[in-house]
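Colleague: Mind looking over this structure? Questions follow.
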Amino acid sequence: MNGVAYVGRSATAGGVPVWQTVSDGDNPGFPSATACGIAIVSQGVNSYIRVLTTDNRVYQTHGDTNGATFVWDEGWTELTPGPTVSLRGKAFPHRARP
């Protein structure tokens with residue numbers, strides 16, 4: 001929202017999350033001007049956030065999972081190569097109806 005990314009974690013499934021910003025402070029390098037999509041994955045004590053930008057770049061940061069909290073204190077790094085572009089929403093060829 002407005003160039004700021006948040007991540008939340010709750011103690012229980014469906015519980016009230018505690019929100020933290022991961023786009024400034026201890027996480028330098030967040031692409032705030034062009035970020036358009038975000039994904040998070042948590043594997044044991046490691047958590048990763050990836051951000052897709054409008055210019056087709058992907059950035060990632062790592063955090064530590066400690067019980068019901070995250071520790072985000074690493075900068076953002078660009079992953080290369082970025083995703084390949086695919087066409088979406090292309091119209092099907094027109095077929096005459098009998």
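Colleague: Being touching an Asp or Glu at 6+ places or on another chain (Cβ under 8 Å) and either surrounded by 17 or more Cβ atoms within 10 Å (Cβ to Cβ) or among the aromatic types (Phe, Trp, Tyr) (or both) narrows it down to one residue among Thr34, Thr61; which is it?
Modeller: Answer to the selection: Thr61.
Colleague: Here's another thing I want to ask about it. Any chance segment 67-87 includes a residue that's at pLDDT 85 or above, closer than 17 Å to Tyr6 by Cβ and part of a strand (DSSP E or B)? Before the answer, list the steps.
Modeller: Taking segment 67-87 first, the residues at pLDDT 85 or above are 71-80.
From what's left, closer than 17 Å to Tyr6 by Cβ: 71-74, 76.
Those left that are additionally part of a strand (DSSP E or B): 71.
Yes, segment 67-87 has at least one match.
Colleague: Quick check on segment 39-59. Is at least one of its residues closer than 13 Å to Glu74 by Cβ, assigned to a loop (DSSP other than H, G, I, E, B) and acidic (Asp, Glu)?
Modeller: Within segment 39-59 (the criterion being closer than 13 Å to Glu74 by Cβ, assigned to a loop (DSSP other than H, G, I, E, B) and acidic (Asp, Glu)), the answer is no, since none of the residues qualifies.
Colleague: Residue check: is Val7 surrounded by 11 or more Cβ atoms within 10 Å (Cβ to Cβ) and touching a residue at least 60 places away in the same chain (Cβ under 8 Å)? Please lay out each step first, then the result.
Modeller: On the way: surrounded by 11 or more Cβ atoms within 10 Å (Cβ to Cβ): yes; touching a residue at least 60 places away in the same chain (Cβ under 8 Å): yes.
Judged against the criteria, Val7 is a match.
Colleague: Of Ser23, Ser32, which residue is touching a Phe, Trp or Tyr at 6+ places or on another chain (Cβ under 6 Å) and outside any strand (DSSP E or B)? Break it down stepwise before answering.
Modeller: On the way: Ser32 fails: touching a Phe, Trp or Tyr at 6+ places or on another chain (Cβ under 6 Å).
One residue alone meets the criteria, Ser23.
Colleague: Same structure, new question: The conditions are (1) in contact with a Phe, Trp or Tyr (Cβ under 9 Å, 6 or more places away or on another chain); (2) hydroxyl-bearing (Ser, Thr, Tyr); (3) under 21 Å from Pro83 (Cα atoms), and Tyr48 fails exactly one of them. Which is it?
Modeller: Tallying (1) in contact with a Phe, Trp or Tyr (Cβ under 9 Å, 6 or more places away or on another chain); (2) hydroxyl-bearing (Ser, Thr, Tyr); (3) under 21 Å from Pro83 (Cα atoms), Tyr48 fails exactly one: (1).
The values are calculated or read from the model by the stated rules, or taken from the named source; none is laboratory data. Only a predicted model underlies this, so the values are computations on that prediction, with no experimental measurement involved. Please note: Cβ atoms are built from the backbone with ideal geometry, for glycine as well, and neighbour counts cover all protein chains shown.
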